[in-house]
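Input: a single structure, listed below in structure tokens.
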Amino acid sequence: MPVADEATIARVQACGLATVLEAAGVELDGLWLQYFRLGGDLGVMEVEAYLHHALVLPALQRDLLACACNELAEGHPRRAPYAADCSPAGEAGAG
Amino acid sequence: MKPDSSAIELTAAFARIHGMLLSQEASTHAVHQLAQVARELIDSAAGAGVTLLEAEGRKMTTAATDRLVEAADDLQYEVGEGPCLSALATGAVQRVDDTAEDVHWPEWSAIARTMGVRSMLSTPLVVRGEVLGALKVYATTADAFTVEDEHMLGLLAGAAATLLGAGQATDAPQRLSDALQAALRDRQSVDMAVGILMERRDLDQDRARTLLLEQSRSSGQPVLELARRVLERGSDPFP
């Protein structure tokens, strides 16, 4: 079974994140500030580049963004995906 | 991402400003608070300062935690060179590890050294998409600031610019300092909880942060709430 590479997983996560941000009305600024609170290490421009698929972020930073988004979009039916959600079943989540 | 590889991007990484104008009073209070926070946040900083040029009318708002910062800043304008001027001009972090050996701003460094400034870190502050100020820290010893300090100062400048931009004009002064302090406290709570998990479970930092995220997902508790439980209880709220 083919294993998805990091860039593909990142793309899927970024797509999912962008979808939820738009649907829940969460702005980039608000996302970044929440991500900052949770311990995120990257600046707004990196986050924006990631959302536009111009940059692949490490799995932990992607998951922190997903978490920040989901906390801000609480109650919204859709959730931004984590790296573990995008890996084939049975594979350990990226650390 | 390695801190030192993204210093320029980080200092340019500011959220878009939502068209807020700070009154002179609000601006003065806000930058004063920011300078205080910067000095507290960067361990080796003896003092900190902020310079903010306002787009409308080009007034300058400055704040400093002490006179030495003010003097070092005034000196830059007098001699026409210095790390903060370069930060303003280039939009990039500027660092002086030792004014006794600096070659980038020789005239400024020579005088700054006699004033007692040995190390300096200056980060551009971007408001409304333009570099309109600088956030700086200095130390009285050489090589006082690390790559991590540079990274943290850049993040602080980013958070401040976000909050400056997002604040409402009417209650802006207190809002910036409160919001900034709160965001930093939250981040520090998470950092401390991560440290405890690393110790308790013999994990590296990334793995401990991931564990916190996984537990948040499975328990449905927000990360900050979990972090506080880790800190408060002293016992492990994790299964």
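The values are calculated or read from the model by the stated rules, or taken from the named source; none is laboratory data. Source: prediction; values computed, not measured. So basically every Cβ, Gly included, is an ideal-geometry build from the backbone, and we count neighbours across all protein chains shown. Accessible surface areas use protein heavy atoms only, side chains included; no ligands, DNA or RNA. Shrake-Rupley method; radii C 1.70, N 1.55, O 1.52, S 1.80 Å.
Remarks
- Treating r as the C-beta distance of B:THR141 and B:GLN181 and R0 as 25 Å, the FRET efficiency rounds to 0.35.
- Projected label distance in nm at B:GLU107 and B:ASP202, using a 7 Å step from Cα toward the beta-carbon: 6.1 nm
- Residues in the stretch B:30-45 carry Karplus couplings, in order, of 4, 6, 5, 4, 5, 4, 4, 4, 4, 5, 6, 6, 9, 3, 7, 7 Hz; the curve used is 6.51 cos²θ - 1.76 cosθ + 1.60 with θ = phi - 60°, and Gly or Pro positions show x.
- Rounded if a/c under 1.5, otherwise prolate or oblate - chain A, Cα gyration tensor axes: prolate
- On full extension, the segment bounded by B:ALA89 and B:TYR77 gains 3.0 nm, given 0.36 nm per residue less the C-alpha separation.
- Shape category assigned to the stretch A:28-82 from the gyration tensor of Cα positions, a/c cut at 1.5: prolate
- Electrostatic bookkeeping for B:THR62 treats Lys and Arg as +1 and Asp and Glu as -1; over the other residues with beta carbon under 10 Å from its beta carbon, the sum is -3.
- Per-residue Karplus couplings for the stretch B:196-202, computed as 6.51 cos²θ - 1.76 cosθ + 1.60 with θ equal to phi - 60°, are listed in order as 5, 5, 4, 5, 5, 10, 6 Hz, Gly and Pro entered as x.
- Residue by residue along A:72-83, Cβ atoms of other protein chains within 10 Å of the local Cβ number 1 on average.
- In terms of packing, defined here as the mean over residues of other Cβ atoms within 10 angstrom, the peptides A:4-11, A:68-75 line up highest first as A:68-75, A:4-11.
- Phi-based couplings in Hz for the stretch A:59-64 (Karplus 6.51, -1.76, 1.60; Gly and Pro marked x): 4, 4, 5, 5, 5, 5
- Overall form of the stretch B:190-232 per C-alpha gyration tensor (a/c, 1.5; a/b vs b/c): oblate
- Only protein heavy atoms count here; on that basis, with a 1.4 Å probe, A:LEU55 has an accessible area of about 60 Å².
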